[in-house]
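Engineer: Right, I'll just put the structure down here and ask away after.
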Amino acid sequence: MKVTLADYSGFCFGVEKAITTTFEELDHKDKSQKIFSLGPLIHNVQVVKELEERGVMVTEDIGSIQEGSVIIRSHGVPKSVYETADKMTLTLIDATCPFVKRIQTIVEEYYKKGYAIAIIGNPQHPEVIGINGWCDNKALIIQEEKEVENVPDVDKLCIVVQTTMSIAQFEKISAVLEKKARLVTKFNTICSATKQRQKAAKDLAEKVDAMIVIGGYHSSNTQKLVSICNDIRPEATFHVETSKDLPVEALKQYDLVGVTAGASTPKWVINEIIQKLRNI
Ligand code: SF4
């Protein structure tokens, strides 16, 4: 079996930065200092476990923290979290990805200018929940084209998109959404890491017999990669989290196998899977 890794895969710049910041903080903290992460730092079970072993406690609610430092992960958080941390004199370690920070800034600015805000993305995703928190949670959140029917007409509309959405989905939804307002300002805020990974996965899927997509089952950017590969190789796209999940028997029939990985996948997980594939 010949195994090829996509040109862009695995840890993106934002995740890399969040992990480095956290490990640096852990190296320098004194033993009594408590460190919390608001939600799991990344969508990777192994990394979260290692952080727990080093004393990082995961909580979803900043209100439950009495003292210590709080890590804001790359997805970012609503503005209210900064205000709460300030009131409670908690130290913030802000690892919000700059691509996400940019969306929060746009949304805050246009909301203040009187624009209605539309976020194209998954309403349950922490990044989208965080962005919505920069416009008093008043954003219209649209995940699918058919939902646009229920959007009321507005005078001025500012459209942004979750960093990990697929470009095709963004273009399709925003084209319909634009008809709902007299004045529209649209920002394609899909991050460059996502664009590169999606394009590289598509290019590779076209050249191989089967695709392995590595990444957390709950990771949004990994699910997008799965869907892109599925469109090209509907019978031969396999989503796995670790090498244990590889469907070894099913893979024996393929000569050329491509591998891609979501933005939260550490290099060692990718290497382990490639090694196992080469041994099939
Ligand atoms: S996927 Fe993009 S926006 Fe999200 S953390 Fe990575 S670089 Fe930042």
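Engineer: For region 191-229, which positions are at pLDDT 95 or above and assigned to a loop (DSSP other than H, G, I, E, B)?
Structural biologist: E206, K207, V208, D209 - these are the residues of region 191-229 that are at pLDDT 95 or above and assigned to a loop (DSSP other than H, G, I, E, B).
Engineer: When you go through V154, V77 one by one, which is the residue that is farther than 23 Å from S227 by Cα, modelled with pLDDT of 95 or more and within 16 Å of the ligand (Cβ to nearest atom)?
Structural biologist: Unique residue meeting the criteria: V77.
Engineer: Could you look through region 74-99, keep only residues that are over 21 Å from F13 (Cβ atoms) and among the polar types (S, T, N, Q), and pick out the one that is farthest from the chain's Cα centre (by Cα)?
Structural biologist: Selected residue: T89.
Engineer: Within the bounds of region 101-122, is there any residue that is touching a residue at least 24 places away in the same chain (Cβ under 8 Å), within 26 Å of D231 (Cβ to Cβ) and surrounded by fewer than 20 Cβ atoms within 10 Å (Cβ to Cβ)?
Structural biologist: Within region 101-122 (the criterion being touching a residue at least 24 places away in the same chain (Cβ under 8 Å), within 26 Å of D231 (Cβ to Cβ) and surrounded by fewer than 20 Cβ atoms within 10 Å (Cβ to Cβ)), the answer is yes, since at least one residue qualifies.
Engineer: What are the pairs, 6+ residues apart or on separate chains, where a residue within region 173-194 that is under 27 Å from G262 (Cβ atoms) and more than 9 Å from the ligand (Cβ to nearest atom) has its Cβ under 7 Å from a residue that is among the aromatic types (F, W, Y) and at pLDDT 95 or above?
Structural biologist: N188/F170
Engineer: Which condition number does Q46 fail, the rest of (1) touching a residue at least 40 places away in the same chain (Cβ under 8 Å); (2) within 19 Å of H28 (Cα to Cα) being met?
Structural biologist: (2)
The values are calculated or read from the model by the stated rules, or taken from the named source; none is laboratory data. Keep in mind it's a predicted model, so treat the numbers as computed, not measured. Here Cβ is always computed from backbone atoms with ideal geometry, including for glycine, and neighbour counts include all displayed protein chains.
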